[in-house]
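The values are calculated or read from the model by the stated rules, or taken from the named source; none is laboratory data. No experiment lies behind these values; they were computed from the predicted model shown. Positions of Cβ are generated from backbone atoms using ideal geometry, with glycine treated the same way; all protein chains shown enter the neighbour counts. The area values use the complete protein model at the heavy-atom level, side chains included, leaving out ligands, DNA and RNA. Shrake-Rupley method; radii C 1.70, N 1.55, O 1.52, S 1.80 Å.
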Amino acid sequence: MLVSHQSSTQPGDLWIYDAGAKSATQLTFSAIASLGAAKLPASQVVHYKSFDGKIYQRIPVGAIQLERDGTNPGIVLPHGGPTDRRGLV
């Protein structure tokens, strides 16, 4: 089976999964050589209540070396939400 996989510590790559052997083999290697996965923080899902009372979730991703004191800028990347199916085959 051909599988597309990505995570907060690994860019998107293609893998072949052998169900009989229960093993996967990576086919593509998208990360640039200078980008080590050990330097990337693992993600976690965070739930919060918005002004309208609805519960939303997000996956915060940030640079490890930044101080968490409100002095650094942030970027918000809104997306299509849970019904958005871009990239799924």
**Study point:** Given (1) open to solvent by 90 Å² or more (accessible area, probe 1.4 Å); (2) at pLDDT below 65, index of the condition Gln65 fails
**Key:** (2)
Study note, to complete from the structure: Given (1) among the charged types (D, E, K, R); (2) open to solvent by 80 Å² or more (accessible area, probe 1.4 Å); (3) modelled with pLDDT of 80 or more; (4) under 18 Å from the mean Cα position of the chain (by Cα), Lys54 misses just (4)
Study note, to complete from the structure: Of (1) open to solvent by 100 Å² or more (accessible area, probe 1.4 Å); (2) at pLDDT 80 or above; (3) of a type outside the set (Phe, Trp, Tyr); (4) over 15 Å from the mean Cα position of the chain (by Cα), Ala24 satisfies every one except (1)
Review point. When you look at Thr83, is it open to solvent by 80 Å² or more (accessible area, probe 1.4 Å), β-branched (Val, Ile, Thr), modelled with pLDDT under 70 and within 24 Å of Val3 (Cβ to Cβ), yes or no?
Key: yes
